[in-house]
Amino acid sequence: MSTLKVNTLEEATSGGATYYTAKAWAVLDGTGSVNVTDGGNVSSLTDNGTGTYTMSYSTAFASSTYSWVGTVPHFTDNTKRAVNIFASAQDGTASVKTTSATKMRTGQTNSLNSFDTKNICITVVA
Amino acid sequence: MTNYRVIYEDPDHPEQTAMVLVPSDNWLSDAMDGKLPPISVYWELQDDEQKAIDEGRHSTFKHDPSKWEKQFTAPRIGKLTEEEAMEYLVMKDIPRRVWSVEYNRPMFKIVKKEQIPTNRQFRNAWEMTQ
């Protein structure tokens with residue numbers, strides 16, 4: 001297997017738009033004893049409690065300004081649910097979105113209730 | 001798929017429930033294939049970032065490129081056993097205060113998956129048994 005090493009990927013046709021690729025991705029199982037179902041550039045998943053997890057990266061990102069998106073499955077009870085990054089630690093002293101890890105919560109969007117779920121899908125572009 | 005897990009408590013937040021770290025199989029495979037840099041490469045990055053957090057300039061923090069590139073350019077440390085890889089992961093992904101300071105009781109344990117409860121009804125009340 002060969003490895004392609006480039007700094008920038010550009011479209012060959014007119015415009016030459018730059019391609020931005022995912023630097024990490026994961027499918028997480030937040031139920032039972034939790035698990036990283038599959039992923040790339042993920043070294044571990046930490047179960048911090050109900051619906052609260054920390055995903056650590058194999059290779060740290062170059063800066064803290066990476067873009068992160070996550071989805072959770074649709075639930076038949078029609079409650080609105082989402083996966084969020086913790087904006088800051090509860091005591092306000094430390095960041096929980098660092099270049100080496102991101103702390104996240106799966107919860108109902110209209111309440112503070114956290115929940116455990118399978119098929120948490122995460123993509124990070126940096 | 002590894003059967004190991006790490007359970008730990010945060011000495012700075014004793015009110016928090018016990019945490020359980022699960023390694024990624026892909027990362028573990030890389031570790032056992034000898035693809036990891038020395039752990040000091042990650043510690044150097046973590047120290048720089050912590051300093052930025054402490055000084056309130058983390059929102060737009062960027063690593064020093066020469067230090068960041070060591071993740072790829074530093075000589076690899078060679079193949080690790082599964083147990084050695086778990087010890088490496090403790091030092092990489094668990095806060096240093098958990099494993100580098102001696103407390104009056106252990107703050108972390110490497111355990112088998114079977115020792116972790118699968119019933120999460122009282123998940124936020126889990127404690128590490130001694």
- Between the modelled labels at A:Trp25 and A:Asn119 (7 Å from Cα along Cα→Cβ) the distance in nm is 1.6
- Taking every residue in B:66-79, how many Cβ atoms of other protein chains lie within 10 Å of its Cβ, on average? 1
- Within 10 Å of each Cβ in peptide A:24-36, how many partner chain Cβ atoms are there on average? Round it to a whole number, please. 4
- Query: With θ set to phi - 60° and the Karplus curve 6.51 cos²θ - 1.76 cosθ + 1.60, what are the ³J(HN,Hα) couplings of the range B:53-65 in order, to the nearest whole Hz, using x for Gly and Pro?
  - Reply: 4, 4, 8, x, 10, 8, 4, 10, 5, 10, 6, 4, x
- Query: What whole number of Å gives the distance from the Cα centroid of the range B:91-124 to the Cα centroid of the range A:59-74?
  - Reply: 25
- Quantify how strongly other chains surround peptide A:55-68 by giving the mean number of their Cβ atoms within 10 Å of each of its Cβ atoms. 5
- Message: Can you give the local net charge around A:Thr21? Use residues other than it whose beta-carbon is closer than 14 angstrom to its beta-carbon, Lys and Arg +1, Asp and Glu -1.
- Response: 0
- Item | 0 to 90° range, to nearest 10: angle between helix B:82-93 axis and chain B longest Cα axis | 70
- Message: If neighbour count is taken as other Cβ atoms inside 10 Å, put B:Val41, B:Val111 in order from fewest to most.
- Response: B:Val111, B:Val41
- Message: Using a 7 Å offset from the Cα along the Cα-to-Cβ direction at both B:Asp12 and B:Glu44, what is the distance between the two label points in nm, to one decimal?
- Response: 2.4
- Hey, with R₀ at 45 Å, roughly what FRET efficiency would B:Glu114 and A:Leu112 work out to, going by the Cβ-Cβ distance, to 0.05? 0.85
- Neighbour-count order for B:Lys51, A:Lys103, fewest beta carbons within 10 angstrom listed first: B:Lys51, A:Lys103
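Report the far tail of the P(r) of the range B:3-130, meaning the percent of Cα-Cα pairs longer than 21 Å. All intermediate terms of the calculation are to be shown ahead of the outcome.
On the way: 4203 of 8128 pairs.
The calculated P(r) of the range B:3-130 puts 52 percent of pairs beyond 21 Å.
Values in this text are rule-based calculations from the coordinates and carry no lab data. Keep in mind that this is a model prediction, so the values were computed, not measured. Cβ coordinates were reconstructed from backbone atoms using ideal geometry, including for glycine residues, and neighbour counts include every protein chain displayed.
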